[in-house]
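The values are calculated or read from the model by the stated rules, or taken from the named source; none is laboratory data. Bear in mind the structure is a predicted one, so any value in this text is a computation, not a measurement. Backbone-built Cβ (ideal geometry, glycine too); neighbour counts: all protein chains shown.
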Ligand SMILES: [Fe+2]
């Protein structure tokens, strides 16, 4: 598939490591190959690339449109309130498997992280290739899941991370959007992936126990080691993941240590529910 860009598999099913340098990344000459790798392998890791924030954003721009409307072009992933006064208080939710922005109809396409401060233990980021997890399901299960729809709400995600919330937290979460997404994402490419996330609250047409059982069983399936890449961070790592074909979480780490990664996010253009595309075309 890729020709000019040196890359190797990190695991058989998920993740590629790319050999390149800063001027090449900034020049964007391999952008199409990087996007193709993201599509196929869900995660691309690049080692030994020291970037400042402006360079990180410039690299991201070679791959797509940078999201800046919510938190700016650089979001600091950290518990350190000096660096992230608002987000630090909810950072614990990243310890649980999720797809970013299930509160939207069209989620973000991809995100890029650079490591600035790391912890001596914990803090590895784990990624599931949700295409591979779907593809390995038995055919009869694929058929059963094809039309299943799942209700997502960030309140559910936050309740998992903060099981003993304050009244103030509960009141804030109650107003977060509730979305219903297909369990199987029928991508425009013709490939399918699983939409699983800590925001999944219930399954349409199933009672709570039945829905929880299905979602729990699929989460256990998708997070089998064969579908997971665990990134052991080093300073000057740059990691990009395809949010439309991956779930991710971070392994727990000491929140007082000041771990900090800088994130740049690319705007998505594919809705979870691509049947709306068809409706549009037919209309
Ligand atoms: Fe995330």
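Here the range 126-143 is the region considered, the condition is being within 15 Å of the ligand (Cβ to nearest atom) and buried (at least 23 other Cβ atoms within 10 Å of the Cβ), and the residue that is nearest to residue 214 (Cα to Cα) is 130.
For residues in the range 36-66 being in contact (Cβ under 8 Å) with a residue 40 or more places away in the chain and surrounded by fewer than 16 Cβ atoms within 10 Å (Cβ to Cβ), which is nearest to residue 194 (Cα to Cα)?
So, considering only residues that are in contact (Cβ under 8 Å) with a residue 40 or more places away in the chain and surrounded by fewer than 16 Cβ atoms within 10 Å (Cβ to Cβ), the one nearest to residue 194 (Cα to Cα) is 65.
For the range 88-100, check the following and say yes or no: at least one residue is over 24 Å from residue 165 (Cβ atoms), away from the ligand (no atom under 13 Å from the Cβ) and surrounded by fewer than 18 Cβ atoms within 10 Å (Cβ to Cβ). No - not one qualifying residue is present in the range 88-100. Of all the criteria given as (1) within 13 Å of the ligand (Cβ to nearest atom); (2) at pLDDT 95 or above, the one not satisfied by residue 106 is (1).
Any chance you could count how many residues in the range 211-254 are in a helix (DSSP H, G or I) and within 15 Å of the ligand (Cβ to nearest atom)? Please lay out each step first, then the result.
If we filter the range 211-254 for residues that are in a helix (DSSP H, G or I), which is where we start, we get 211-222, 225-227.
Cutting the leftovers down to within 15 Å of the ligand (Cβ to nearest atom) gives us none.
Total satisfying the criteria: 0.
Where residues in the range 71-87 are within 13 Å of the ligand (Cβ to nearest atom) and free of Cβ contacts under 8 Å to residues at least 24 places away in the same chain, which of them is nearest to residue 273 (Cα to Cα)? Checking each candidate, the answer is 71.
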